[in-house]
Amino acid sequence: AGEYLKAAAIADEDDRPPLYQSASLRLLTSGHVDEGLDTLKYALSSFDLPWPRSTWHAVAGLLYREGMLRTRGFRLANRSGPVSDREQKCLDVCWSAAAGLSVVDPVRGAFYVAENLLRTLRCGSARFLSRDLAAYMGHAAIGGNRSRRAVKNVLTVSRDVARADPHPYTRAMLSISRGIAALLRGDWPNTERC
């Protein structure tokens, strides 16, 4: 994290946000929460990404995003051209917020998991869809057996993504999704097979 921050200090203004994004993820996941949050907020503001001011704002934002996902489904938007560099960097910052905050602030972490998945679907980026679905599975499956329907939907989409893109990373993310689902419903034998 320190090296990313040093690089950000001497980088051009346009090159700073990805460096702060990389630093924030490492700071948050290594327990340097205050510094990680400050760094993350800078990266988020560089891409006009929201920051929930309180837990209640995060819950309200999460419920709204969950409603959007239920309404639109998990299909990628049709896109004529490639994802722009700025859109990709925005997705990376959003992913770091989801991954880093899930460790230290689960409510805001869930907010960014949903935000990240929505942004990936809207911009039509298949590149990291399997990763974003695996992260979303952790939140969809948290209800154990009560969330079977949501889990089934996410697994169906994850399987479809893995069929369309046989890359080992995509297949690994499908296995992670299956493992998370099995773990959270207490199906221990299936967690070992994933």
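The values are calculated or read from the model by the stated rules, or taken from the named source; none is laboratory data. Note that the coordinates shown come from a computational prediction; the quantities given were computed from them, not determined experimentally. Cβ: placed from backbone, ideal geometry, glycine included. Neighbour counts: every protein chain shown. Heavy atoms of the whole protein, side chains included, go into the accessibility calculation; ligands, DNA and RNA do not. Shrake-Rupley method; radii C 1.70, N 1.55, O 1.52, S 1.80 Å.
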Here are the criteria: (1) in contact (Cβ under 8 Å) with a residue 60 or more places away in the chain; (2) among the acidic types (D, E); (3) closer than 19 Å to I180 by Cβ. Tell me which single one E66 does not satisfy.
(1)
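Select, from L174, L183, L155, the only residue that is open to solvent by 40 Å² or more (accessible area, probe 1.4 Å) and in contact with a Ser or Thr (Cβ under 7 Å, 6 or more places away or on another chain). I'd like the intermediate steps shown before the answer.
Working: L174 fails: open to solvent by 40 Å² or more (accessible area, probe 1.4 Å); L155 fails: open to solvent by 40 Å² or more (accessible area, probe 1.4 Å).
Residue meeting the stated conditions: L183.
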A careful count of residues in region 98-114 that are crowded, with 20+ Cβ neighbours inside 10 Å and in contact (Cβ under 8 Å) with a residue 24 or more places away in the chain gives 9
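Look at A7 and say whether it is assigned to a helix (DSSP H, G or I) and open to solvent by less than 30 Å² (accessible area, probe 1.4 Å).
Values: assigned to a helix (DSSP H, G or I): yes; open to solvent by less than 30 Å² (accessible area, probe 1.4 Å): no.
So A7 does not fit the description; no.
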For region 74-97: of the residues being more than 14 Å from the chain's Cα centre (by Cα) and part of a helix (DSSP H, G or I), which is surrounded by the fewest Cβ atoms within 10 Å (Cβ to Cβ)?
D85
Does any residue in region 162-190 that is free of Cβ contacts under 8 Å to residues at least 40 places away in the same chain come within less than 6 Å, Cβ to Cβ, of a residue that is open to solvent by 90 Å² or more (accessible area, probe 1.4 Å) and in a helix (DSSP H, G or I) six or more places away or on a different chain, and which pairs are these?
A162/R171
If you check every pair at least six apart or on different chains, which have Cβ atoms under 7 Å apart with a residue in region 43-54 that is at negative phi and assigned to a loop (DSSP other than H, G, I, E, B) first and a residue that is surrounded by 14 or more Cβ atoms within 10 Å (Cβ to Cβ) and among the aliphatic types (A, V, I, L, M) second?
F47/V93; L49/V93; W51/L44; P52/A58
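Take region 119-149 and flag every residue that is open to solvent by 30 Å² or more (accessible area, probe 1.4 Å) and either farther than 15 Å from C90 by Cα or of a type in the set (G, A, S) (or both).
Here is the first cut: in region 119-149, the ones open to solvent by 30 Å² or more (accessible area, probe 1.4 Å) are 119, 122, 126-128, 139, 142, 145-146, 148-149.
Answer for region 119-149, where residues must be open to solvent by 30 Å² or more (accessible area, probe 1.4 Å) and either farther than 15 Å from C90 by Cα or of a type in the set (G, A, S) (or both): A126, H139, I142, N145, R146, R148, R149.
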If we keep just the residues of region 16-36 that are touching a residue at least 24 places away in the same chain (Cβ under 8 Å) and aliphatic (A, V, I, L, M), which is surrounded by the fewest Cβ atoms within 10 Å (Cβ to Cβ)?
V33
